[in-house]
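See below for the structure under consideration.
The values are calculated or read from the model by the stated rules, or taken from the named source; none is laboratory data. Here the structure is a predicted model, which is why all the values come from computation and not from measurement. Virtual Cβ from ideal backbone geometry, glycine too; neighbours counted across all protein chains shown. Side chains included, ligands, DNA and RNA excluded: accessible areas come from the protein's heavy atoms. Shrake-Rupley method; radii C 1.70, N 1.55, O 1.52, S 1.80 Å.
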Amino acid sequence: MKAIRTFTVRTVLPDELAPLGRLAANLRWAWHAPTRDVFAAIDPDIWDAVGHDPSRMLGEVTSERLAELAADPTFREWLDRAAADLDDYLHGPRWYQQFPEGARDDTTNPALPSAIAYFSAEYGLTEALPQYSGGLGILAGDHLKSASDLGVPLIGVGLLYRHGYFSQTLSPEGWQLEHYPEIDPRGLPMTQLRDGTDEPVRIALTLPGAVPLTAHVWVVRVGRIPLLLLDACHQENAPELRGVTDRLYGGGSEHRLRQELLLGVGGVRAVRAYCELTDHPEPEVFHMNEGHAGFLGLERVREYMKRGLGFDQALEATRAGTVFTTHTPVPAGIDRFPRELVERHFTRDPVVAGLPTDRVLGLGSEDYPEGDPSVFNMAVMGMRLAQRVNGVSSLHGAVSRGMFQGLWPGFDTSVVPISSVTNGVHARTWVAEEAQDLAQRIVPDSAEFTRPEGWRKITGASDTELWEMRRTLRGRLIVDARARLRESWRQRGASEAELGWVDDVLDPDVLTVGFARRVPSYKRLTLMLRDRARLKAMLTDPERPLQIVIAGKAHPADEGGKRLIQEIVRFTDDPEVRHRIVFLPDYDMALARSLVQGCDVWLNNPLRPLEACGTSGMKSALNGGLNLSVRDGWWAEWFDGSNGWAIPTAESVSDSDRRDELEAAALYDLFEEQVIPQFYDQDDDGLPKRWLEMVKHTLVSLGPKVLATRMVRDYVTGLYHSAAQSSRLLARDGMAGACALASWKQRVRAAWPEVRVQHVEVGGVEAAPQVGAELEVRATVALGSLDPDEVRVQAAIGRVSPTEELLDPELIDLSATGAAGEDGTLVRYAGSIPLERAGACGYTVRVLPTHPLLANPAEMGLVTLPAPPIGMGDGVVLR
Ligand SMILES: *Cc1c(COP(=O)(O)O)cnc(C)c1O
């Protein structure tokens, strides 16, 4: 690390220009072009030199220029209008404000939560704040921005990494090099949270050995949303602790654990301090964006215990108001710590005081058949601390249900209580201004874009204007790519004289394909190199060539990923193809914008089903790019056969090398037979009619779905609202709900071994039944010490999978028809199921605990089936 420390001298703005300070201090400029135009007008050259960052702009502009602007009535009027527009945006009613407000202690109150705290280890808001590594962070950034647009009262919580993630350059040999420039928060659009006496607010934690760790809090204004970032880099911490918030995803286990303790535990304390100092309503819902934030639940348990609850009661209260989102189906992507390391932090001098150590360890333990007893799993803890859990696409929800089935033993995969909310992207961040302008010309009222009908109007764009827009964006990408490539070659040691060829790299009239993402192995950066001769032939075709722009960072500890980058870079270095394929270093939000806006085709070829969602393809689609992707993540859900192309997968092939070969061949075929011919099928005016039809269909079919505002609305109506309701129910009468639920669960758990399905019989299927007939089911169930209204007895019917699970079963509640024995613990149940589908099916009966405060019938992981289970053998065949 260099010995140079940086600091920032703040500009003093003349009074007339004070609104400039306010505009720069709120990140809304990052997605509001009219605000950026104001800054650009101050001095276009400086604006370009500072990378379009208003804070840096104000640091660079001369006081003479400021005085000039202060005396310019036209500029001042413009500035005042921009400031008034910001005020409107910040304080006017938006989508969320249409719903009724109500008192929080009223349990019949249907109101949405008064506030939601959203925790994430990373945030991608703008390239000026390099606090993200990839999709997870970008998603969190887009979540905050869309929440702001919708008026959702969210508080974001994260860490301030002094060295961010890393910036990437290449060595002469094409090897990734990492750089960690230090940021100075005083030069960034954030302010320090201070108390009534103007002292920095200190968030304190205790580490083993009674070592204090404190953090300062920075507040970033993301439109209407405050984002609190905890920062350990200050004088009061022992020198070795100042580095706790040094880098995103750097360091070993202990370092990561400290970061996550600060994020989760410190984060809740920061939220409390913020709400108290600013009179912000306290959050009713806490959202863990991935397992890194899981410790927030323990701090909330402590808070409830401090109010007099026992651990189990506090756990119920916490769970009711917690949402956990899992983001990866890759086991290596799940955060796990050595169990004894966590134990050390929760035993003597615990980080969170007063919690029973064994219970804390139990929350993160993999105590299911394939689990590893030596680890503490943050995702598992998240799921146990949250009553509501979701994945990030429909396919990922299904994969997660299989992956975490062990937490709900006895339940078929399909009923594991993990739902899904498919990710989305923030349009104003990612869509080119030209595309936004075109959309506005055709559909002047942007509110229409919340509805499919609004998007359908896009077909009213003429082919000429649409193609003009696409050509403009492609051309701009090429200018940007050449500049970046030149810079990269200079860093790799080339002299200017050797770089003349760079001026002719990429062609504005050639079909342009983009591939940019992090470089974990499942994303298969180098799949396109599988048959180099075939790729080369496409790149150098004299009539209908292809050109490819590639970017991506490998995690600094991932040597394998760096080798993949080197392999690609070496290929692009070849003078025979280097004018048609380029690798651009330092993939960040600015480069991502340039790529998703300029590329005609967005390529994605992960190993299905390891891409949880993927969002870069959504950004491309909104700019009129076409997706060419494996049907994984969001594309598995929304590819409709004509809004892009699906690369066929060979999932059933277990040899991974062979699978790559098959999938790569399918990819080349698609390019040669469909993508390339269609792009170059241009009419006399140079318009590729069929291509443009597909672009329009992409916008119409995907536009309404891929927006992050759709996603945030889904979270609000599907998860935040019900979590707030549950939370209120548990809090009523001095937490009586939580106490009742905890003791009920305890009693049911203890009594459950006595519950048995004694006997099942069916009627109505003697002769081969026909569709439309009814299956009459009668069961006798032993309830032990439980009451009939504490259980639910259901009949399930459906097709039977090869693993003897009922697929997507039809469930019917059976009704109690009376006692079967003397002592009243044997109860008869009966009901009938209409037989709706022809073919072989199976049925069974199951008994579950039921309580009005459970969010899902599978929540407790308790279920009793007949022994032996009724499976295929006892099934009926419908004709
Ligand atoms: C959108 C984006 C991502 C996520 O893209 P995926 O398709 O999920 O891989 C990663 N990094 C940057 C800089 C992005 O803009």
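At a glance:
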| item | result |
| --- | --- |
| Per residue value of the accessible surface for the chain (all protein chains in place, 1.4 Å probe), Å² | 40 |
| Between helix 73-91 and the chain: long-axis angle, C-alpha atoms, 0 to 90°, nearest 10 | 10 |
| Per-residue SASA entry for residue 654, accessible area with 1.4 Å probe, Å² rounded to 10 | 110 |
| Contact order normalised by residue count of region 15-92, Cα under 8 Å, 6+ apart, percent | 39 |
| Three-way shape label, region 755-878, alpha-carbon gyration tensor, a/c 1.5 | prolate |
| Hz values of 3J(HN,Hα) by residue in region 23-36 - Karplus curve (6.51, -1.76, 1.60), Gly and Pro given as x | 5, 6, 7, 10, 5, 3, 4, 5, 10, 10, 4, x, 5, 4 |
| Share of carbon and sulfur in the accessible heavy-atom surface of region 755-878 [1.4 Å probe, %] | 50 |
| Per-peptide average of other Cβ atoms within 10 Å, ordering 545-552, 310-317 highest first | 545-552, 310-317 |
| FRET efficiency for residue 789 and residue 494, using Cβ-Cβ distance with R0 set to 56 Å, rounded to 0.05 | 0.10 |
| Karplus-derived HN-Hα couplings along region 331-337 (A = 6.51, B = -1.76, C = 1.60, θ = phi - 60°), whole Hz, x at Gly and Pro | x, 5, x, 8, 6, 9, 10 |
| Distant-in-sequence amide H partners of residue 207 (H built 1.01 Å from N, under 5 Å) | 213 |
| Lysines with Cα under 22 Å of residue 562, excluding same-chain neighbours fewer than 8 positions away | 523, 553 |
| Highest-first arrangement of 795-805, 442-452, where packing means the average Cβ count within 10 Å | 795-805, 442-452 |
| Point-charge dipole on Cβ atoms (K/R +1, D/E -1) for the chain, about Cα centre, debye to 20 | 1220 |
| Relative contact order, percent, region 755-878 [alpha-carbon distance under 8 Å, six or more residues apart] | 31 |
| Using alpha-carbon coordinates, inclination of helix 656-670 to the longest axis of the chain, degrees | 60 |
| Accessible area of residue 543 in the full protein assembly, 1.4 Å probe (Å², nearest 10) | 140 |
| Karplus-derived 3J(HN,Hα), 6.51/-1.76/1.60, for each residue of region 501-512, Hz, glycine and proline x | 4, 5, 4, 10, 5, 6, 10, x, 10, 9, 3, 10 |
| With every protein chain in place, region 638-708: carbon and sulfur % of accessible area (1.4 Å) | 43 |
| Cut-off under 5 Å, modelled amide H: who pairs with residue 645 long-range | 627, 628, 629 |
| Stokes-Einstein D in µm²/s, Kirkwood radius over Cα pairs - the chain at 4 °C with 1.567 mPa s viscosity | 44 |
| Relative contact order of the chain, defined on C-alpha pairs under 8 angstrom at six or more residues apart (%) | 11 |
| Value at 222 nm in deg cm²/dmol, rounded to 500, when DSSP H runs of n ≥ 4 in the chain each add -39,500 (n - 2.57) | -11000 deg cm²/dmol |
| Calculated FRET value between residue 507 and residue 88, using beta carbons and R₀ = 41 Å, to 0.05 | 0.35 |
| Residues whose placed amide H lies under 5 Å from that of residue 516, excluding near-sequence neighbours | 551 |
| Helix 267-278 axis, angle to the chain major axis (alpha carbon atoms, nearest 10°) | 70 |
